[in-house]
1. I'm trying to understand the selection: among the residues of region 120-140, which are loosely packed, with under 14 Cβ neighbours inside 10 Å and in contact (Cβ under 8 Å) with a residue 40 or more places away in the chain?
2. What pairs come out if I take residues in region 83-97 that are on the phi > 0 side of the Ramachandran plot and in contact (Cβ under 8 Å) with a residue 60 or more places away in the chain and pair them with residues that are loosely packed, with under 12 Cβ neighbours inside 10 Å and in a loop (DSSP other than H, G, I, E, B) whose C-beta lies under 8 Å away, six or more apart or interchain?
3. Going residue by residue through region 54-64, is there one that turns out to be under 22 Å from residue 22 (Cα atoms), within 14 Å of the chain's Cα centre (by Cα), in contact (Cβ under 8 Å) with a residue 40 or more places away in the chain and surrounded by fewer than 19 Cβ atoms within 10 Å (Cβ to Cβ)?
């Protein structure tokens, strides 16, 4: 199973999203502005902080990461790379001004109100972002039969 950390920067009722490009996965879709795989020997908190720095150029104290939900998802094809567990965090405090750092992988970074999200957004990420309005369960699933 592939673990990943997602950080949703929040500013009032707005969230920061990035427009994916040249990644090979959902290019042309909006996504959480900071996300990536947890590296070998790294905690999910360390990964979240690292991804925010690498993708947005901001510093985050792990104590400022608010756990939102964990998404266990599958593509249903049996391939190990497509069996995933995603840890989502919100963050309302950081150091620095968020901006595109990995410009080859991101066409834009932009703030959006929760009631005016862009289209399209990566589906499993959209479910989490929309859940910010009314709360999220501790664990959710995607891609599994009901």
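The values are calculated or read from the model by the stated rules, or taken from the named source; none is laboratory data. Since this is a predicted model, take the numbers as computed values, not measurements. Note that each Cβ is placed from the backbone with ideal geometry, even for glycine, and that neighbours are counted across all protein chains shown.
1. Listed by number, the residues that qualify are 120, 137, 138, 139.
2. none
3. Yes, there is a match, as at least one residue in region 54-64 is under 22 Å from residue 22 (Cα atoms), within 14 Å of the chain's Cα centre (by Cα), in contact (Cβ under 8 Å) with a residue 40 or more places away in the chain and surrounded by fewer than 19 Cβ atoms within 10 Å (Cβ to Cβ).
Every residue, every condition in (1) assigned to a strand (DSSP E or B); (2) modelled with pLDDT under 95, yes or no:
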position: 69; (1), (2): yes, no
position: 78; (1), (2): no, yes
position: 81; (1), (2): no, yes
position: 85; (1), (2): yes, no
position: 103; (1), (2): no, yes
position: 108; (1), (2): yes, no
position: 111; (1), (2): yes, no
position: 115; (1), (2): no, no
position: 119; (1), (2): no, no
